[in-house]
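Structure, as structure tokens:
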Ligand SMILES: C[S@@+](CC[C@H](N)C(=O)[O-])C[C@H]1O[C@@H](n2cnc3c(N)ncnc32)[C@H](O)[C@@H]1O
């Protein structure tokens, strides 16, 4: 079985038994005032599209791409139930094999997906002034939550280096500093703007 098919099967199984789409991630909800009033948005590796649905509710024309056909089917059903048929485009797509075209989006959201090879394509895909919202797991962690494979977790301040060409608007990485019962732990969140 190829790696791509194995990934697709793994996620199809998870989404077949997922109860609901769930809520948008914190980096998007907490910073939604930064979103443009109109434009084109993409949720990359969207799963069941919790962030894409949030973007569509803000009035943005929204694309949502994921390799899992089960996730995309469930997202399309949800979008229809929420009356998002026009201006909402969910697509089964391997984003590594088929990344975004340059200058095609005003907003890109990535949550809990990390493929470092896509960093140049993400930056190129944003139009000038466009925003990237990113939230995912960090290697600095205070418990066992999230993936065990360190490749799927960000090294200390890594997101800042990966997107160092962009203008930083929001960054939070509490790491293991201070009271572990409080704060934003195990993850990193960032909003950055293409210059
Ligand atoms: C941890 S889930 C996160 C889903 C979503 N971003 C969220 O936060 O709910 C990772 C997602 O990446 C997708 N994925 C993995 N490799 C992919 C690829 N090459 N192209 C598109 N999607 C991919 C999986 O199908 C899965 O939905």
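Each reported figure results from applying straightforward, stated rules to the coordinates on display, with no laboratory input. Owing to the predicted nature of the structure, the values given are computational and were not obtained by experimental measurement. As a convention, Cβ positions derive from the backbone with ideal geometry for all residues, glycine included, and neighbour counts pool all protein chains shown.
Miscellaneous remarks
- Segment 3-193 - share of DSSP beta bridges that are antiparallel (%, nearest 5): 35 percent
- Residues 95, 142, 110, ranked from the fewest to the most other C-beta atoms within 10 Å, line up as 142, 95, 110.
- Gaussian network model of the chain, springs between alpha carbon atoms under 10 Å - residue of 128, 111, 145 with greatest fluctuation: 145
- Spin-label pair residue 14/residue 144, simplified geometry with 7 Å Cα→Cβ offset, distance in nm: 1.8 nm
- 21 Å tail of the calculated P(r), the chain, as % of Cα pairs: 51 percent
- Taking segment 139-180 and a reference point 7 angstrom along Cα→Cβ of residue 195, the backbone N atoms nearer than 16 Å belong to 160-169.
- Protection proxy ranking, highest mean first, for peptides 54-64, 27-37, 12-22: 54-64, 27-37, 12-22, where packing is the per-residue count of other beta-carbon atoms within 10 Å, averaged.
- Largest GNM mean-square fluctuation among 90, 79, 71, using the chain with Cα springs under 10 Å: 79.
- Using a Förster distance of 41 Å, the FRET efficiency for residue 170-residue 1 (Cβ separation, nearest 0.05): 0.55
- Estimated [θ] at 222 nm from DSSP helical runs (n ≥ 4, -39500 (n - 2.57)) normalised by residues in the chain, nearest 500: -7500 deg cm²/dmol
- Sequence of 65, 11 once ranked by neighbouring C-beta atoms within 10 Å, starting from the fewest: 11, 65
- Projected-area average for segment 1-114 over all orientations - Cα convex hull basis, square nanometres: 7.1 nm²
- Mean-square fluctuations from a GNM of the chain, with a 10 angstrom spring cutoff on Cα atoms, peak among 113, 105, 184 at 184.
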